[in-house]
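**Q** First the structure, which I've put down as structure tokens, then a few questions once you've had a look.
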Amino acid sequence: MKRPSHLLSALASSLGLVLALTLAPAASADSPYERGPDPTRSSIEATRGPFAVTSTSVSDLSTPGFGSATVTYPTSTSEGTYGAVAISPGYTASESTIAWLGPRLASQGFVVITFNTQSRFDQPGSRGDQLLAALDYLTQRASTAIRSRIDPNRLAVIGHSMGGGGTLEAAKDRPSLKATIGLTPWNLDKTWPEIRTPSLVIGAENDSVAPTGSHAIPFYQSIPASTSKAYLELNNASHFAPNSANTTIAWSTISWLKLHVDDDTRYRQFLCPGPSPSTLGDVSDYRNTCSS
């Protein structure tokens, strides 16, 4: 039979253990920029993510360096600031052709600006400048409600067609960007050895405007292997696949932004090793520089 002193000692030890477990801090996130719940395949394919959003229109009189625009952003500030993304349309196209991506990305925890270019005939170099001007507007001239939600050190660009070619131009001019995503991109310059920004290139198998063999694939191949990059090809899709809601574009874009803008490794599972190409599936080709 234990003596009273031994019983008291055991009781004290038990109480100490309980207190230690109770007072121990919760496990911290791998990245301070993680936003939202743990992702699932259904959550990144959903038409709306976990964040409620609101949008505001911006007149071209208030947008130096680019045209009229729409800014969409999470209404909540409880999780801190967000990364920001600028999105350019393609040659002769208006903002409306890429507008679907604004609410979809914002609802996953980003501030997003979709815009009209100064001229519908602007070339990739000009579109790259306008992507950067849109980001500068967000971080420097937008309303306090918008600017206060943005981490100016976590910025990214997305573009379709010549806008996609413009994302590479933007990354070349501003290596501090955290991510670029080109959607069926077009550019006369085929080699991009200077790109250091993590780059996702999305091509379309049946693209007759910017054939993958002379645009998307050479762009991807020319980006150094030391740069995080991926090439995803949409099965049986045309150049204009990004102009309407597309689940494959959405989940891959969300995952790329989360991984590289938010340093959120929870999304790595969707990109590495990534989708298996199939003649019957959504993806006809997929390549990356993942280590696993």
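**Q** Being closer than 17 Å to residue 183 by Cα and modelled with pLDDT of 95 or more, is that true of even one residue in the range 134-146?
**A** no
**Q** Please go through the range 81-111 and pick out each residue that is farther than 16 Å from residue 246 by Cβ, in a strand (DSSP E or B) and hydrophobic (A, V, I, L, M, F, W, C).
**A** 84, 85, 86, 110, 111, listed by residue number.
**Q** Which of the residues spanning the range 269-285 are in a helix (DSSP H, G or I) and surrounded by 15 or more Cβ atoms within 10 Å (Cβ to Cβ)?
**A** 270
**Q** Quick check on my filter: what residues within the range 91-118 are crowded, with 24+ Cβ neighbours inside 10 Å and more than 18 Å from the chain's Cα centre (by Cα)?
**A** The one that is crowded, with 24+ Cβ neighbours inside 10 Å and more than 18 Å from the chain's Cα centre (by Cα): 117.
**Q** Restricted to the range 141-156, and to residues that are small (Gly, Ala, Ser) and crowded, with 20+ Cβ neighbours inside 10 Å, which residue is nearest to residue 62 (Cα to Cα)? Don't jump to the end; show me each part of the working.
**A** Quick first cut of the range 141-156, residues small (Gly, Ala, Ser) only: 142-143, 145, 148, 156.
Those still in the list that are crowded, with 20+ Cβ neighbours inside 10 Å too: 142, 156.
Details: 142: 9, 156: 21 Å.
Here the residue is 142.
**Q** Can residue 250 be described as under 22 Å from residue 93 (Cα atoms), at pLDDT 95 or above and in a helix (DSSP H, G or I)?
**A** The answer is yes for residue 250.
**Q** Quick check: is even one residue across the range 124-140 part of a loop (DSSP other than H, G, I, E, B) and not aliphatic (A, V, I, L, M)?
**A** Checking the range 124-140: not a single residue is part of a loop (DSSP other than H, G, I, E, B) and not aliphatic (A, V, I, L, M).
Results for (1) aliphatic (A, V, I, L, M); (2) crowded, with 24+ Cβ neighbours inside 10 Å, shown as yes or no for each residue.
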| site | (1), (2) |
| --- | --- |
| 159 | no, yes |
| 169 | no, yes |
| 179 | yes, yes |
| 186 | no, yes |
| 195 | yes, no |
| 201 | yes, yes |
| 206 | no, no |
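**Q** Would you pick out the residues in the range 44-67 that are at pLDDT 95 or above, more than 15 Å from the chain's Cα centre (by Cα) and either of a type in the set (Ser, Thr, Tyr) or crowded, with 17+ Cβ neighbours inside 10 Å (or both)?
**A** Within the range 44-67, 46, 47, 51, 53, 54, 55, 56, 57, 58, 59, 66, 67 qualify.
**Q** Pick out the one residue from 212, 191, 180, 197 that is of a type in the set (Ser, Thr, Tyr) and part of a strand (DSSP E or B).
**A** 180
**Q** Check whether at least one residue in the range 245-254 is in contact (Cβ under 8 Å) with a residue 60 or more places away in the chain, hydroxyl-bearing (Ser, Thr, Tyr), touching a Leu at 6+ places or on another chain (Cβ under 9 Å) and within 25 Å of residue 36 (Cα to Cα), and report yes or no. Walk me through it before giving the result.
**A** Here is the first cut: in the range 245-254, the ones in contact (Cβ under 8 Å) with a residue 60 or more places away in the chain are 245, 247, 249-251, 253-254.
Within this subset, residues satisfying the condition of being hydroxyl-bearing (Ser, Thr, Tyr) are 247, 253.
Remaining after also requiring touching a Leu at 6+ places or on another chain (Cβ under 9 Å): 253.
Adding the requirement that they be within 25 Å of residue 36 (Cα to Cα) leaves 253.
The answer is yes; a qualifying residue exists.
**Q** Considering only residues that are over 15 Å from residue 181 (Cα atoms) and among the aliphatic types (A, V, I, L, M), look in the range 212-243 and name the one that is surrounded by the fewest Cβ atoms within 10 Å (Cβ to Cβ).
**A** 225
**Q** Sticking with this one: Any residue at all in the range 118-127 that is within 14 Å of residue 86 (Cα to Cα), at pLDDT 95 or above and touching a strand residue (DSSP E or B) at 6+ places or on another chain (Cβ under 7 Å)?
**A** Scanning the range 118-127 turns up at least one residue that is within 14 Å of residue 86 (Cα to Cα), at pLDDT 95 or above and touching a strand residue (DSSP E or B) at 6+ places or on another chain (Cβ under 7 Å).
The values are calculated or read from the model by the stated rules, or taken from the named source; none is laboratory data. In this text the structure is predicted, and so the values were computed from the model without any measurement. When we count neighbours, we look across all protein chains shown, and the Cβ atoms used for this are built from the backbone with ideal geometry, even at glycine.
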